[in-house]
Amino acid sequence: MIFADGMARLGTESAFTVLARAQALASEGRDIINLGIGQPDFPTPPHIVEAGIKALRDGHHGYTPANGIPALREAVAADLHRRHGVEVNPDNVVVVPGGKPTMFFAVLMFGQAGAEIMYPDPGFPIYESVIRYSGATPVPMALKEVNGFAFDAETVLAQITPRTRLIIINSPANPTGGVTPRAEVDKFVAGLADHPHVAVLSDEIYSRMLYDGREHVSLLQYPSIRDRLIVLDGWSKTYAMTGWRLGYAVWPDAAVGHATRLCINDHSCVNAAAQYAGLAALTGPQDAVADMMAAFDARRRLIVKALNSLPGMRCTDPGGAFYAFPNIEGTGMSAMEAQNRFLDEAGVATIAGTSFGAGGEGFLRFSYANSAENIARAIDRIGAIL
Ligand code: PLP
């Protein structure tokens, strides 16, 4: 067989590799504490599960429109209006199986040899992977610990060239928990006026996961770029629905047809029951989301304090998502060495910062989607090694 060149350029998400290794160790009888994987450790709220089951019982077994059932797209538009105070036409909403398809589709739409696509570093590893796959040149935008891992508008704008086709931004961010403040987003959007050829993909999958009164600034709130803005969001994190595979994006008029054709070519539509479950999530009670966020906040405080008490580690306060991203340079270990030693010797799964780009060297990602008790045990074990 002779594979296409693109396959050699496609990367991966190491969180899945670490998860497999942690599971293998656990099956050998080792007590493994998993602070590696980025998914809520809560079940999907029962009324959402029931809506999915009811949809199956009611006979929703067939294809749906490729862009999603109209009621769901209307509920998404209403939810965006409620949360961000913005008008969104449900015809611009495309429902897809999770958050990832939107980034893949956006990159396929703009990426080709000779094009440049900018992405956060450290950042979600799939951005760089699919940019490389598309043949475009990946241009990393460095996120700095001193800025709390928020992006710096001036630095980002200075990297734009005539070849730039797309800029990917992500706040609250994976793997850092960084939140970009409104003033910085204002500057970024104002600067984009000088670069009308550049599209923006704003990954807002953690838009409801914020702490200490921080606000989520949706790029949808900037009318001047709505005609070239793609906003990615979904159900995976907010409603603990990672395995349902349900997400959406708001596409600009000129791109929504392309996005829908990509859906038709790729997966036809999202499975119908998941869409009805997603509808119940948006239109039903939100108490479960608030409860989950209260638990995450308590764990965040616990883990940040504990990490800062470990020798050689220093952890900035993550403003959103459910990750802590401490600087581990003082331990004398590289990120990969620390990941491997903590898993092999302490039975604690974490992810090396370098899995999120070269800018992640010297950092380790801890997901605090685990119980307070397990977090405390994990820190004790790591402390013993250090
Ligand atoms: N975007 C970011 C920043 C993420 O961290 C993730 C998942 O970890 C996703 C998108 C993908 O979410 P999904 O599981 O819905 O595809």
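The values are calculated or read from the model by the stated rules, or taken from the named source; none is laboratory data. This is a predicted model, so every value here is computed, not measured. Don't worry about glycine lacking a Cβ; one is built from the backbone with ideal geometry, like all the others, and counts go over all protein chains shown. All accessible areas refer to the heavy atoms of the entire protein, side chains included, with ligands and DNA or RNA removed. Shrake-Rupley method; radii C 1.70, N 1.55, O 1.52, S 1.80 Å.
Can you tell me which of (1) of a type in the set (Gly, Ala, Ser); (2) modelled with pLDDT of 95 or more; (3) out of contact with any helix residue (DSSP H, G or I) (no Cβ under 6 Å at 6 or more places or on another chain) is the one GLY148 doesn't meet?
Condition (2) is where GLY148 drops out.
Out of everything in the stretch 297-317 that is charged (D, E, K, R) and over 16 Å from MET209 (Cα atoms), what residue ends up being surrounded by the most Cβ atoms within 10 Å (Cβ to Cβ)? I'd like the intermediate steps shown before the answer.
Of the stretch 297-317, the ones charged (D, E, K, R) are 297, 299-301, 305, 314, 317.
Remaining after also requiring over 16 Å from MET209 (Cα atoms): 305, 314.
Numbers: LYS305: 11, ARG314: 13.
For the stretch 297-317, the residue satisfying everything is ARG314.
If you check VAL179 against the conditions, is it over 26 Å from GLN112 (Cα atoms), in a loop (DSSP other than H, G, I, E, B) and of a type outside the set (S, T, N, Q)?
yes
Hey, among the residues in the stretch 223-281 that are aromatic (Phe, Trp, Tyr) and either at pLDDT below 95 or more than 14 Å from the ligand (Cβ to nearest atom) (or both), which one's surrounded by the fewest Cβ atoms within 10 Å (Cβ to Cβ)? Talk me through it step by step, then tell me what you get.
Within the stretch 223-281, the subset aromatic (Phe, Trp, Tyr) is 235, 239, 244, 248, 251, 276.
Next cut, either at pLDDT below 95 or more than 14 Å from the ligand (Cβ to nearest atom) (or both) only: 251, 276.
Details: TRP251: 25, TYR276: 23.
If we take residues in the stretch 223-281 being aromatic (Phe, Trp, Tyr) and either at pLDDT below 95 or more than 14 Å from the ligand (Cβ to nearest atom) (or both), then TYR276 is surrounded by the fewest Cβ atoms within 10 Å (Cβ to Cβ).
Would a scan of the stretch 193-200 turn up a residue that is within 16 Å of the ligand (Cβ to nearest atom), in the same structural domain as GLU128 (by TED's automatic domain parsing) and in contact (Cβ under 8 Å) with a residue 60 or more places away in the chain?
no
Any residue in the stretch 246-267 that's over 27 Å from SER224 (Cβ atoms) and assigned to a helix (DSSP H, G or I): show its pairings with residues that are within 16 Å of the ligand (Cβ to nearest atom) and β-branched (Val, Ile, Thr) at Cβ separation under 8 Å, as long as the two are six or more apart or on different chains.
Cβ pairs passing all conditions: CYS263/VAL94; CYS263/VAL96.
Could you please find all residues in the stretch 105-119 being in contact with a Ser or Thr (Cβ under 9 Å, 6 or more places away or on another chain), assigned to a helix (DSSP H, G or I) and of a type outside the set (A, V, I, L, M)?
Residue satisfying the conditions is PHE110 alone.
With respect to VAL179, is the statement that it is open to solvent by 10 Å² or more (accessible area, probe 1.4 Å), more than 10 Å from the ligand (Cβ to nearest atom) and under 23 Å from GLY98 (Cβ atoms) true?
yes
Looking at (1) touching a helix residue (DSSP H, G or I) at 6+ places or on another chain (Cβ under 9 Å); (2) of a type in the set (A, V, I, L, M); (3) open to solvent by 60 Å² or more (accessible area, probe 1.4 Å), can you tell me which one ALA55 breaks?
Just one mismatch for ALA55, condition (3).
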